[in-house]
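Derivation of every value follows stated rules applied to the coordinates shown; laboratory data play no part. Please read these numbers as outputs of a predicted model, since none were measured by experiment. Neighbour counts run over all protein chains shown; Cβ positions are idealised from the backbone, glycine included.
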Amino acid sequence: MRPFEKETVGAHLRSWYCWYDLWKNNKERLYQIFRTDEALREYYGGTQKRAWLLQIKRNIQAALIEKPEYLVYRVEEVSPMEQYSWQFDHTDAEVTKMAARVFNRVHAEIPTETKVLFENTWWPGLRLLDPRNTEIFLSSIKFDNIGLMLDTGHLLNTNQDLKSEREGIDYICQVLKNLGELRKYIKGVHLSCSLSGEYQKESPGMIPSLENDARLLSHVCNIDQHLPFTDPAVEKIFDLISPDYIVHVLYYDDFNQLAVRIAGQKRLIKV
């Protein structure tokens with residue numbers, strides 16, 4: 001018996017958040033970001049996209065050892081500088097188009113009975129704000145057993161003007177309504193609250209040395225807060241969707257705090 005086979009329901013695949021220029025062989029911009037071949041090899045497993053595709057396949061294979069019912073595949077593209085400037089070189093449509101091509105090169109590693117749930121983000125990619133772009137992306141995937149993993153915190157991070165949980169819940173519900181029939185693809189939810197608009201507005205003036213991974217990680221955590229919902233109105237989200245999986249994705253200092261936060265959030269929803 002493998003270590004976590006009985007416990008595993010889903011597995012989150014690794015996300016390479018900066019990959020577009022490698023895929024398009026845009027060497028000039030790629031070396032502006034990574035500077036050396038050594039840095040490229042450390043991040044992608046090589047200096048060419050074929051090496052990166054091999055890393056994705058190996059990551060899928062490692063996840064499948066635990067026999068998950070579903071895999072989570074995030075669709076995003078952002079350079080370290082863009083994480084602070086919020087000035088992006090690529091549009092959602094460009095990123096999702098190329099991301100579909102990447103996935104279609106690796107999906108043969110995945111058994112047909114394993115679901116692949118594509119996760120929304122707040123960086124350029126699958127943000128769910130444009131139903132037409134979402135539909136085009138899903139229709140471009142050459143794998144039948146697919147769906148969406150709605151990350152509520154990521155969706156909230158797309159709106160810097162939200163001030164309260166209630167405003168955030170109403171915003172999520174409006175985005176879901178705008179998706180129309182595409183809501184049927186939402187098979188899972190990563191449930192958390194993130195109201196980081198004020199921080200996001202300040203962040204363009206906070207750019208550190210881009211080699212400082214600790215600062216970058218702290219920056220991302222300040223954007224994506226992973227706090228529990230406390231407003232019972234959160235149940236309105238589940239009036240619009242019927243997910244098979246709900247994951248309480250929350251930050252915590254210790255397991256006692258995590259247990260309290262998960263219990264509190266679970267009490268708010270009846271699904």
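Mind checking whether some residue in region 122-141 is among the β-branched types (Val, Ile, Thr) and within 13 Å of the chain's Cα centre (by Cα)? Step through it out loud before you land on a result.
Pass one, region 122-141, residues among the β-branched types (Val, Ile, Thr): 134, 136, 141.
Imposing the further condition that a residue be within 13 Å of the chain's Cα centre (by Cα) reduces the set to none.
No, every residue in region 122-141 fails to be among the β-branched types (Val, Ile, Thr) and within 13 Å of the chain's Cα centre (by Cα).
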Self-check item: Residues within region 92-110 that are within 17 Å of His154 (Cα to Cα) and surrounded by fewer than 16 Cβ atoms within 10 Å (Cβ to Cβ), tallied
Solution: 0
Quiz item: Of the residues that make up region 202-217, is at least one buried (at least 16 other Cβ atoms within 10 Å of the Cβ) and under 21 Å from Arg127 (Cβ atoms)?
Solution: yes
Practice problem: For Arg183, work out the one condition from (1) part of a helix (DSSP H, G or I); (2) over 16 Å from the mean Cα position of the chain (by Cα); (3) of a type outside the set (Asp, Glu); (4) surrounded by fewer than 16 Cβ atoms within 10 Å (Cβ to Cβ) it doesn't fulfil. | Solution: (4)
Self-check item: Restricting region 223-234 to residues that are part of a helix (DSSP H, G or I) and under 22 Å from the mean Cα position of the chain (by Cα), the residue that is surrounded by the fewest Cβ atoms within 10 Å (Cβ to Cβ)
Solution: Ile223
Self-check item: Ala108, sole failed condition from (1) aliphatic (A, V, I, L, M); (2) over 25 Å from His190 (Cα atoms); (3) touching a strand residue (DSSP E or B) at 6+ places or on another chain (Cβ under 9 Å)
Solution: (3)
Self-check item: Residues that are farther than 14 Å from Gln225 by Cα, touching a strand residue (DSSP E or B) at 6+ places or on another chain (Cβ under 9 Å) and surrounded by fewer than 22 Cβ atoms within 10 Å (Cβ to Cβ), drawn from region 135-168
Solution: Leu138, Ile141, Phe143, Asn145, Ile146, Gly147
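Conditions tested, residue by residue: (1) more than 22 Å from Pro131 (Cα to Cα); (2) among the aliphatic types (A, V, I, L, M); (3) without any contact (Cβ under 8 Å) to a residue 24 or more places away in the chain.
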| position | (1), (2), (3) |
| --- | --- |
| Leu162 | no, yes, no |
| Cys173 | no, no, no |
| Arg183 | no, no, no |
| Ser194 | yes, no, no |
| Leu216 | yes, yes, no |
| Leu240 | no, yes, no |
| Tyr251 | yes, no, no |
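For region 87-105, give me each residue that is of a type outside the set (Lys, Arg) and either closer than 22 Å to His190 by Cα or touching a residue at least 40 places away in the same chain (Cβ under 8 Å) (or both). Quick ask: steps written out before the conclusion?
Quick first cut of region 87-105, residues of a type outside the set (Lys, Arg) only: 87-96, 98-100, 102-104.
The answer is Asp89, His90, Asp92, Ala93, Glu94, Val95, Thr96, Met98, Ala99, Ala100, Val102, Phe103.
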Exercise. Inspect region 115-130 for any residue being touching a Leu at 6+ places or on another chain (Cβ under 8 Å), surrounded by 17 or more Cβ atoms within 10 Å (Cβ to Cβ), free of Cβ contacts under 8 Å to residues at least 40 places away in the same chain and over 28 Å from Tyr43 (Cβ atoms) and give the result as yes or no.
Key: no
